[in-house]
Every structure is written in structure tokens, then in C-alpha cells.
1. When ranked by the protection proxy of mean other Cβ atoms within 10 Å per residue, highest first, what sequence do the peptides 119-127, 176-184 form?
2. For every other residue with a beta carbon closer than 9 angstrom to the beta carbon of GLU40, add +1 if it is Lys or Arg and -1 if Asp or Glu, then tell me the sum.
3. What is the order of MET226, MET89, fewest Cβ neighbours within 10 Å to most?
4. PHE72: net charge of surrounding residues, Cβ under 14 Å, Lys/Arg +1, Asp/Glu -1, itself excluded?
5. Which of the pairs LYS166/LYS219; LYS168/LYS221; LYS29/LYS221; LYS70/LYS155 have their Cα atoms more than 32 Å apart in this structure?
6. Using a 10 Å cut-off on Cβ atoms, rank the peptides 162-168, 148-154 from the highest mean neighbour count down.
7. Calculated FRET efficiency, MET153 and ASP66, Cβ-Cβ r, R0 41 Å, to nearest 0.05?
8. Just rank PHE140, PHE230, fewest to most, by other beta-carbon atoms within 10 angstrom.
Amino acid sequence: MKRFILSLVPLLVVTLISAQQPVPKTFPKTITVSGSAEMEITPNEIHVAVTLKEYEKKGKSKVTIDAIQKQFLQNVRKAGIPDSLIKVMNYGGNSGMHWWKKKPVNDVMLSSIVYELIFSEPKQVEALIKLLDEDATEQFAVTLITHTNMSAMQKQLRINATKAAKEKAIYLSDAVGEKIGHAINISEIPLMEPYFRKAANTIEHFAADAVDPAPEFSKLKLRSEMNVVFELL
């Protein structure tokens, strides 16, 4: 009887050791695909920064920033821009003299102000340019061209790109006799370049367009790319 019990001990030890060893994980077969979607839209919102500055003409007194502002805001309203789309971005001032040069006795400080305007139509830009005071307007720069419904459009592009990735996964897996299962991972591929078309940041750009009886904003090209990992059944 003792011999029988002793003979069971090695077998029991081997069984316990085998049970404690980890079972190797089996990773699922997967397929990784990318999908893209594009869309062209006509922008309906253009942001412009206008810098106004005091100036002097020979034999005349300085034209103050208050007078320049008053005339500018009147012209902006004539161009069809409501007050809600006009805001002050910055104030400044300088004499136009370099710091290392000796200032003349009659050196005058010239104040400046920067406004941001939001246009919805090209004809508004054209109308304002015709009314601008060339002496007071130091800079007219486009800062952003976009669309008021941009977020919704980008969301739809991501959805379309993801659907395109799934369609690609289906026909590629069919080619090797497999079927796709659940999506394991979905990620967006960052684009190397901005989706919007760059605009010229000069007043001359718009002045040239002003000869066109019906100027239009250039279309924006939107693009989205998605990466999806599916399991293979």
C-alpha cells in the first residue's frame, strides 16, 4: 500500500506543474486598411485683418486715429458688414524712426489699430476696398478662409473615409478566402498639408479681382484619411 501511494506522488507533482504553466495566447488574424474621402466646398466666411494708422500730409495737421476709425467703420457698414462681425485685434503706435537714430525735435507718435472683419461674400470685400482710405490703410491681410458648417463637413468626411476602409477590407479579404469580423481599432491619419487653399495676403489680390463683375471665392478641397484594423474570421 505504501508503494502505491509513493508511486502516485511523482504523477501528482507533474500534473500540478503542467496545470500551472501559462497557456500561450493566440492572437487573432487581422487586416489593416486605410480609406479616404474628399469634398470640394465654396467658402462662405473669410477673415481679414485691416491695419489703420495715423498719417500726416505736408502742410496739413495729423489725421487722428479717431477720425480714421470713424470713417472706416462707416465704410464697413456700407459694405454690408454688421457690427457683430467687426472686432478690434490690437492697438499700437510708433514714430517710424529707428531707436538708434537721433529723433528730430518735431517727432510725432503715430497711433495704429488692427481690426478683424468677417466677410460672407466676395462682393463685400470688393465694396470695402473701393471705400478704403489708402493713406490710412497700412495693411489688408487675409487670415482665414473657411465655411460656417466646417465641423459637420469634416465629420461626414471621416465617416465616408471609414466606410471606404471597410469596403476595401471586404474585397481584399474575399480575395484570400476570408471574411472580416469586428473592427479592432479605428484611427485618423494626420494630413501633412492643410486642407484649405492658401490665399494671397495682399490688398492687390482683391483689387485685381475687383474688375470681375462677379468675383467668387476659390473652392476649398477637404480630405480625410482613416486607418481601420479588422479581425479575420
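1. In descending order of packing, they fall as 119-127, 176-184.
2. Values: positive: LYS219, LYS221; negative: GLU38.
Taking every Cβ under 9 Å from that of GLU40, the sum is +1.
3. Ordered by Cβ neighbours within 10 Å, fewest first: MET89, MET226.
4. Around PHE72, the charge tally is -2.
5. LYS29/LYS221; LYS70/LYS155
6. Numbers: 162-168: 17.0, 148-154: 12.9.
Peptide ranking by packing, descending: 162-168, 148-154.
7. Calculated value: 0.45.
8. Ascending Cβ contact count within 10 Å gives the list PHE140, PHE230.
Values quoted throughout were computed directly from the atomic coordinates according to the rules given, and no laboratory measurement underlies them. Remember, predicted model here, so these are calculated numbers, not experimental data. No Cβ is skipped: glycine too gets one built from the backbone with ideal geometry, and neighbour counts run over all protein chains shown.
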